[in-house]
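One structure is given here, and the rest of the page talks about it.
The values are calculated or read from the model by the stated rules, or taken from the named source; none is laboratory data. This structure is a prediction, so every number in the text was calculated from the model and none was measured. Don't worry about glycine lacking a Cβ; one is built from the backbone with ideal geometry, like all the others, and counts go over all protein chains shown. These accessible areas exclude ligands, DNA and RNA; they are computed on the full protein's heavy atoms, side chains included. Shrake-Rupley method; radii C 1.70, N 1.55, O 1.52, S 1.80 Å.
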Amino acid sequence: MKPAVLSASRAFLYQLADNLLSNAVKYNCAGGQVDIYLRRTGERVIFSVRNDGEPIPPESQSRVFERFYRVDKGRSRAVGGTGLGLSIVKHTVDAMGGTVTLTSTREEGTQFVVELPVKPPMRE
């Protein structure tokens, strides 16, 4: 397997992983599972985080990357947070030339998938 080299700052990668993993744990159900995947596919690195928590309603899914948007304002206050985490994820991924997508259903849980481009190999 070829190693994948990303062109990204350590701070960007930390923010990205910290926000997705924190949310997966924070918004999971009692006894729920958090799955983390990292793999290279062609010229992309795929990082995904999935949990078993309550699904994000379809009408909110297109808005979760907006600054200060909270799906359930009451629950968000109870567990903490500012509504900035997923906005930071989106801006970080955009800055690295990648994409972030969300799928969320009762049957499959909530999953965020980040795709980042692999840095081209350096020429000698």
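To the nearest 0.05, how large is the calculated FRET efficiency for R10 and R40 if R₀ is 25 Å and r is the Cβ-Cβ distance?
FRET efficiency, R10 to R40: 0.85.
Can you work out D for segment 1-69 in µm² s⁻¹ from Stokes-Einstein, where Rh is the Kirkwood radius over C-alpha pairs, the temperature is 10 °C and the viscosity is 1.306 mPa s?
112
Quick one: compute the contact order of the chain, relative version, from alpha carbon pairs under 8 angstrom and 6+ residues apart, as a percent.
After rounding, I find 32 percent.
Would you calculate the separation in nanometres between label points at E66 and T101, each defined as 7 Å from the Cα along the Cα-to-beta-carbon direction?
For E66 paired with T101, the spin-label model returns 2.3 nm.
So, with +1 on the Cβ of K and R and -1 on the Cβ of D and E, and no other charges, what is the size of the charge dipole of the chain about its Cα centre, to the nearest 20 debye?
320
Whole number in Å², please: accessible area per residue of the chain, 1.4 Å probe, ligands, DNA and RNA not counted.
65
Give the long-range amide H neighbours of R44: residues separated by 5 or more places, or on another chain, with amide H under 5 Å away, using H modelled in the peptide plane at 1.01 Å from N.
Here V118 satisfy the definition.
How large is ³J(HN,Hα) for each residue in segment 13-27, as worked out from phi by the Karplus curve 6.51 cos²θ - 1.76 cosθ + 1.60 (θ = phi - 60°), to whole Hz, x for Gly and Pro?
For segment 13-27, the Karplus curve yields 5, 5, 4, 4, 5, 4, 5, 5, 5, 4, 5, 4, 6, 4, 9 Hz.
Okay, helix-only estimate at 222 nm for the chain: each DSSP H run of n ≥ 4 adds -39500 (n - 2.57), divide by all residues, round to 500 deg cm²/dmol; what do you get?
Taken over the chain, the calculation gives -9000 deg cm²/dmol.
Could you look at the chain and say what percent of its accessible area is carbon and sulfur, using a 1.4 Å probe and all protein chains?
56
When the expected Rg is taken as 2.2 N^0.38 Å, what fraction or multiple of it is the alpha-carbon Rg of the chain?
Normalised Cα radius of gyration, the chain: 1.11.
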